[in-house]
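Inspection log for the structure reproduced underneath, given as structure tokens.
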Amino acid sequence: MSGSDRRSANWVLWCGVPLLAGLHQDFWNWDDGRLLFGFLPVGLAYHAGYSLLAASFWAFVVAWCWPSRLEEWAGAVESEVPPRTEGTGGREDAKGGGA
């Protein structure tokens, strides 16, 4: 991702989190006793929609705002770690006589 794309993605992140926090406080539905579809309270329907919005937002954040340098760092560290020996449970002494 280029620098300007990352800046715009970060802008969405920094504006989206407070917006989601504000939308979570649905005080306008507290006294609304209507039912949607004859059984679903308005507040519950609102929070179902809010949950979908929040999940979509965080999927965007992970896809576009995740720092790729962390992935590169983790990959570099993993390549330096020797592979585990199969069947020993990670112990160097396979017979279990170690300290």
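The values are calculated or read from the model by the stated rules, or taken from the named source; none is laboratory data. Treat the numbers as computed from the prediction; the structure is a model and nothing was measured. No Cβ is skipped: glycine too gets one built from the backbone with ideal geometry, and neighbour counts run over all protein chains shown.
Here is a check on your reading of the model: is L35 at pLDDT 85 or above, surrounded by 11 or more Cβ atoms within 10 Å (Cβ to Cβ) and in contact with a strand residue (DSSP E or B) (Cβ under 8 Å, 6 or more places away or on another chain)? Yes.
Taken over the range 1-26, the residue count meeting the criterion of being in a helix (DSSP H, G or I), over 27 Å from E71 (Cα atoms) and at pLDDT below 90 is 0.
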